[in-house]
Structure formats: C-alpha cells, structure tokens
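K.L.:
Below are the structure tokens for one structure; questions will follow.
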Amino acid sequence: MAGGLLSACMAVRPPGPGICRICCGAILGHYEECWSCRQIEERLGRPLTPITPISLAVDGTPVYTALKQYKGHHEPTARRQQLRLAGLIGIFLRHHTRCIAVEGFDAVAAVPSLQGRDGLHPLVTTLGLIGSLRPAIINALSPGTGRVARNSPSLEAYLTRHDLVVDRRILLVDDTYTTGAHLHSAAASLISAGAREIYPLVVGRRQNRAWPPSQHLAEWSALGENRWSSTRCIHCWSRDPAMS
Ligand SMILES: [Zn+2]
Ligand SMILES: [Zn+2]
C-alpha cells in the first residue's frame, strides 16, 4: 500500500512558459529548456527525452524521505518505504500509462546507481512489488566506466544488454531526478543499443528551495487547486475535470 505517500505527494507543474519541456524545472530566460537540460543535451550530443515526474521531492518532506530510506541499510524501514513507493508507482501507472506512452511499453528498466552495490538494486526490488510490472522488468543496464556528475552525463556510464532492448519500448524508471545527468545518460545508452522508444518515469523531481527560480514551483504546488491527485499527471493535467 502507498500508506500516506499519496497524500504527501506534491504536484509537478506541467511544461509551459518558464517550465522546462524536458524536466519540468524552472527556466531562466526565454528558452523552452532549462540550463541543465541544455548542458546535458549538448554534452550527450543528442536530443533529450522529456521525463514524466510523479511528485516533487522537496528536502525533508515524506516523499524525499521515502526516496532516501528505501535504499538505506535499515532493513525494516527500507522494506516499508519500498512498499509505499511501489504502491505510489503502481497507482500512478494505472492512471497514466497511456499519458506516458500512447501505445504502452513492453519492457521496464531501472536506472542503476553507479556506486558499488551488491545484489538487486532496491529500485528493481520495488518495481518487482508491482504485479503488473513484474513480468516486464529487464535487467538492461549496469554500471559502466564513464563518470557522471551534476549536469555532466556520459555515454559510457552504463553498459547495456543489447539483446534485451533492441526494438523495445522501454519505461525507464529512476527514483530521483536532480539535474538528470544519470537518467539521460541511461536513456542515451538504451537508444544507442537499439531501443525503439524510451519513456523516462521519475518518482521524485528534486526541488532546490534555496534556488530562487525554483521557489515558485514549490509555491505553485502548495496552492489548493494544484493539490497532487492520482487522477492527473503533467500530461493530462488540463484535461482533469476538476480543473474545468
Ligand atoms: Zn530541464
Ligand atoms: Zn495523465
């Protein structure tokens, strides 16, 4: 069960004037993409695929805490948070799979963490708790040799199993999105390996409250009429009957 996480989610403002069409981050100046996305795009040398974020992740909030603890070493806490996150992702996908991928997807891959970790990645464990996703999960990505840092992606950051991705439409899930360097590196690797389509899904879109241009995004989310609801996402936001 999502156990309280649903009521703790914060809506992500859909792309539009001042909101990045790739990552829903704040834009300074008259661009369609934020500075981070433009940096990453330039360094990867290819267009980025827009993400679908489920919630904002503001430091210290329950969603942020869940995304930290679910991969922590305190087993009972990690397990509880994995169940809550699985509940949230499952409900979100039940409502919005067609918003993300009109024709659906036929495989699910997780962005693995690049720090050494033994065994199954907690994100894969979490996705495996969602019955409808379990059969589609592929272990397509593993850490490679390229280094990734803030705004600095790498096409060599991940090794890709070509046999698992060729000609497939892949839902690419990551837990947290900050500048997107990891996610876009992983997406680029999958495309290079022959994937037909990548649909990036992010649980928590990190929001840095200390950065003034970001403040209005958190303020927007705090408005009553913009309350997070499982029945609307950044794609179908304006189609929600509650909005008309
Ligand atoms: Zn962006
Ligand atoms: Zn939707």
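K.L.:
Can you tell me the relative contact order of segment 49-211? Whole percent, Cα pairs under 8 Å, sequence separation 6 or more.
P.N.:
30 percent
K.L.:
Given the alpha-carbon gyration tensor of segment 166-242, what are the semi-axes of its equivalent ellipsoid in whole angstrom, ordered largest first, with each equal to the square root of 5 times an eigenvalue?
P.N.:
Whole-Å semi-axes of the equivalent ellipsoid: 29, 18, 8.
K.L.:
Still on this structure, I have one more. Take the chain, mark every one of the GluC sites (Glu not before Pro) that falls in a DSSP loop and has at most 16 other Cβ within 10 Å, then report the longest stretch left between them, sites excluded.
P.N.:
157-244
K.L.:
Still on this structure, please answer the following. Mind ranking Asp163, Asp106, Asp174 by accessible surface for me, highest first, 1.4 Å probe?
P.N.:
Final ranking, largest accessible area leading: Asp163, Asp106, Asp174.
K.L.:
Among Pro212, Asn226, Gly194, which residue has its Cα positioned farthest towards the positive end of the charge dipole of segment 190-242, with +1 placed on the Cβ of Lys and Arg, -1 on the Cβ of Asp and Glu, and the dipole taken about the Cα centre?
P.N.:
Gly194
K.L.:
When a/c is below 1.5 the answer is rounded, else prolate if a/b is larger than b/c, else oblate, so apply that to segment 50-92 with a ≥ b ≥ c taken from the square roots of the Cα gyration tensor eigenvalues.
P.N.:
In terms of gyration-tensor shape, oblate.
K.L.:
Compute the accessible area per residue over segment 82-151, keeping the other protein chains in place, probe 1.4 Å, unit Å².
P.N.:
The answer is 49 Å² per residue.
K.L.:
With +1 assigned to the C-beta of every Lys and Arg and -1 to the C-beta of every Asp and Glu, and no other charges, what is the dipole magnitude of the chain about the Cα centre in debye, to the nearest 20?
P.N.:
360 debye
K.L.:
Equivalent ellipsoid semi-axes for segment 49-211, as square roots of 5 times the alpha carbon gyration tensor eigenvalues: give them largest first, rounded to whole Å.
P.N.:
For segment 49-211, the ellipsoid semi-axes come out as 22, 19, 16 Å.
K.L.:
Solvent-accessible area per residue for segment 1-79 at a 1.4 Å probe radius, Å²?
P.N.:
50 Å²
K.L.:
Here's a follow-up. Return the carbon/sulfur percentage of the accessible area of segment 1-104, one whole number, probe 1.4 Å, all protein chains in place.
P.N.:
Carbon and sulfur: 55 percent of the exposed surface of segment 1-104.
The values are calculated or read from the model by the stated rules, or taken from the named source; none is laboratory data. Please read these numbers as outputs of a predicted model, since none were measured by experiment. Quick reminder, even Gly has a Cβ in these numbers, built from the backbone with ideal geometry, and neighbours come from all protein chains shown. Side chains are part of the model used for accessible areas, which takes the heavy atoms of the whole protein and leaves out ligands, DNA and RNA. Shrake-Rupley method; radii C 1.70, N 1.55, O 1.52, S 1.80 Å.
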